[in-house]
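One structure is given here, and the rest of the page talks about it.
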Amino acid sequence: MPQPKRALITGITGQDGSYLTELLLEKGYEVHGIIRRTSTFNTDRIDHVYQDPHQEHPQLTLHYGDLADGTTLRKIIEQVQPDEIYNLGAQSHVRVSFDAPEYTVDTVGVGTLRLLEALRDYQQRTNAAVRYYQAGSSEMYGLVQAVPQSETTPFYPRSPYACAKVYAHWQTVNYRESYNLFACNGILFNHESPRRGETFVTRKITRAVARIVAGQQKKLYLGNLDAKRDWGYAKDYVRAMWLMLQQDQPDDYVIATGETYSVKEFLDLAFNHVNLKWEDYVEFDPRYLRPAEVELLIGDPAKAQAKLGWQPSVTFPELVALMVNADLQAVGVISNNGQAITSESVLDVVASRQLISKAD
């Protein structure tokens with residue numbers, strides 16, 4: 001019986017890491033993930049697929065490590081002997097990167113270099129054939145030089161995070177060309193899901209909608225509402241990551257929907273989903289503005305569509321509804337059986353909250 005493919009994932013506990021883990025397990029992979037040691041559990045996104053390490057031949061194994069620790073990265077690669085490596089680990093919040101630039105650059109940029117160097121050393125010593133995926137970001141385009149943005153559009157990063165991602169991108173290209181690594185960059189535009197971190201604007205919005213309906217929150221504070229992004233579904237995007245590493249030759253790919261929407265349009269759909277007007281609840285807070293804004297991002301996924309056969313499966317309105325419903329369920333407003341948000345019971349809750357608000 002052939003041995004299953006073995007994958008190593010950094011950032012396995014994040015949104016993308018958890019969906020990628022599910023995908024690879026479904027395909028029969030043996031999955032290994034690198035997690036950082038914390039005083040509280042941080043594995044909630046993968047708890048449903050976690051396997052006791054004491055059982056025989058577990059399909060999912062977690063290892064303590066950090067992109068800031070090159071020695072441990074080398075040890076893990078040596079121990080796991082992966083067929084594929086997916087580098088998804090990062091300090092990925094753009095606004096936070098302005099507050100913690102050195103940490104962001106060390107984990108996102110230099111951390112990628114540490115991992116690539118560990119992989120290069122492992123391959124040269126063992127002659128193992130390992131395929132490597134690097135998570136890029138549409139933020140690298142920053143002050144965009146062309147619309148839409150493709151694989152050949154010049155980068156113009158506008159944050160410490162984006163600068164670090166550009167560094168990681170070109171290091172990946174350099175290691176591919178210098179050391180003949182099978183290394184791919186995925187330039188992923190914004191991709192969301194119910195597993196998105198709660199401080200990111202999309203999840204901040206959908207979570208606030210649910211909490212407002214449940215009477216747990218009265219206002220939502222946001223920054224730039226005119227920023228436009230190409231938003232897709234994270235589960236679709238991890239499928240593209242996997243497809244890149246199944247090709248005959250390594251290459252770089254833009255993964256996007258080819259459509260762009262503003263934060264205001266996201267607000268419209270999210271609040272309309274529960275028959276509310278966002279203008280009644282949203283207030284501006286300059287603290288959420290970036291020192292250098294990125295106003296417009298829209299990707300050209302033609303190459304990925306042609307070479308990978310990849311297509312997004314979820315539309316923008318469907319994505320917003322999916323996220324709002326998940327957050328409503330999390331606060332106990334809709335049941336686990338998938339009851340539609342348009343049910344009378346939910347609308348009654350909304351109406352009652354509006355009456356309470358007027359009474360206040």
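Readers should treat all values here as calculations from the given coordinates under stated rules, not as data from a laboratory. Nothing here was measured: the structure is a model prediction, and the numbers come from that model. Don't worry about glycine lacking a Cβ; one is built from the backbone with ideal geometry, like all the others, and counts go over all protein chains shown.
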Item checked: Loop-located GluC sites (Glu not before Pro) in the range 19-113 whose Cβ has at most 11 other Cβ within 10 Å (DSSP) -> Glu56
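List the equivalent ellipsoid semi-axes of the chain in whole Å, largest first, each obtained as the square root of 5λ for an eigenvalue λ of the Cα gyration tensor.
36, 24, 19
Which net charge results for the neighbourhood of Arg158, defined as the other residues with beta-carbon distances under 9 angstrom from its beta-carbon, given Lys and Arg at +1 and Asp and Glu at -1?
On the way: positive: Arg290; negative: Glu139, Glu293.
In short, -1.
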Item checked: the range 20-172, relative contact order in percent, only Cα pairs under 8 angstrom and at least six apart counted -> 22
Next item on the list: May I ask you to list the residues of the range 15-42 whose amide nitrogen lies under 12 Å from a point 7 Å from Cα along the Cα→beta-carbon direction of Gln59?
Entry: 21-31
Notebook entry, point to check: Of Thr202, Thr126, Thr260, which is the most mobile in a GNM of the chain whose springs link Cα atoms less than 10 angstrom apart?
Noted result: Thr126
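Taking a ≥ b ≥ c as the square roots of the Cα gyration tensor eigenvalues, with a/c under 1.5 meaning rounded and otherwise prolate when a/b beats b/c, else oblate, which class fits the range 285-327? All intermediate terms of the calculation are to be shown ahead of the outcome.
Details: a/c = 4.20, a/b = 1.35, b/c = 3.11.
Oblate.
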Notebook entry, point to check: For the chain, modelled as a Gaussian network with Cα springs under 10 Å, which listed residue fluctuates most, Gly89, Gly65, Gly186?
Noted result: Gly65
Checklist line | Residues in the range 111-150 that a label on Lys307 would reach, taking backbone N under 11 Å of a point 7 Å out along Cα→Cβ | finding: none
Notebook entry, point to check: In a Debye calculation with equal point scatterers on the alpha-carbon sites of the range 115-190 and no solvent, what is log10 I(q)/I(0) at q = 0.11, 0.16, 0.21 Å⁻¹?
Noted result: -0.32, -0.60, -0.88
Next item on the list: Take the eigenvalues of the Cα gyration tensor for the range 221-289, scale each by 5, and report the square roots as semi-axes in whole Å, largest first.
Entry: 34, 14, 9
Check: Mind listing which trypsin sites (Lys or Arg not before Pro) in the range 154-204 are in a DSSP loop and have 12 or fewer other Cβ atoms within 10 Å?
Finding: none
Notebook entry, point to check: In percent, what relative contact order does the chain have, based on Cα pairs under 8 Å that are 6 or more apart in sequence?
Noted result: 16
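Rounded to the nearest 20 Debye, what is the dipole magnitude of the chain about its Cα centre when Lys and Arg each give +1 and Asp and Glu each give -1 at the C-beta?
About 320 debye.
R0 = 35 Å: FRET efficiency of Asp285 with Ser150, Cβ-based, nearest 0.05? Could the numbers behind the result be given before it?
Values: r = 35 Å, r/R0 = 0.99.
For R0 = 35 Å, the calculated efficiency reads 0.50.
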Notebook entry, point to check: From Cα coordinates alone, what are the radius of gyration and Dmax values for the range 167-309 in angstrom?
Noted result: 18.4, 58
Next item on the list: Pop a pseudo-label 7 angstrom from the Cα along the beta-carbon direction at both Asp47 and Val173 and give the gap in nm to one decimal.
Entry: 4.3
Margin query: With only alpha-carbon atoms in the gyration tensor, what are the semi-axes of the equivalent ellipsoid for the range 1-124, in Å, largest first?
Written below: 24, 18, 12
Margin query: I need the shape label for the range 67-164. Rule: rounded when a/c is under 1.5, else prolate if a/b > b/c, else oblate, with a, b, c from the alpha carbon gyration tensor.
Written below: oblate
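So which of Lys204/Lys228; Lys5/Lys27; Lys204/Lys277; Lys228/Lys303; Lys165/Lys204 end up more than 19 Å apart, counting from Cα to Cα? Please list the in-between numbers first.
Details: Lys204/Lys228 16 Å; Lys5/Lys27 9 Å; Lys204/Lys277 16 Å; Lys228/Lys303 22 Å; Lys165/Lys204 24 Å.
Long pairs (Cα-Cα over 19 Å): Lys228/Lys303; Lys165/Lys204.
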Check: Between Glu295 and Gln3, how many nm apart are label points set 7 Å from Cα along the C-beta direction?
Finding: 5.5
Margin query: Compute the helix-to-body angle for 160-179: its Cα long axis versus the longest principal axis of the chain, expressed 0 to 90° and rounded to tens.
Written below: 30
Checklist line | Computed E for Asp121/Ala68 - FRET, C-beta separation, R0 25 angstrom, nearest 0.05 | finding: 0.90
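Which length gain, in nm to one decimal place, applies between Ala214 and Phe200 when the Cα-Cα distance is subtracted from 0.36 nm times their residue separation?
Numbers: separation 14, 0.36 × 14 = 5.04 nm, distance 2.08 nm.
That pair, Ala214 and Phe200, stretches by 3.0 nm at full extension.
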Check: Rounded if a/c is under 1.5, else prolate if a/b beats b/c, else oblate: with a ≥ b ≥ c from the C-alpha gyration tensor eigenvalues square-rooted, which is the range 260-338?
Finding: oblate
Notebook entry, point to check: In whole Å, how far is the Cα centre of the range 162-218 from that of the range 239-314?
Noted result: 10
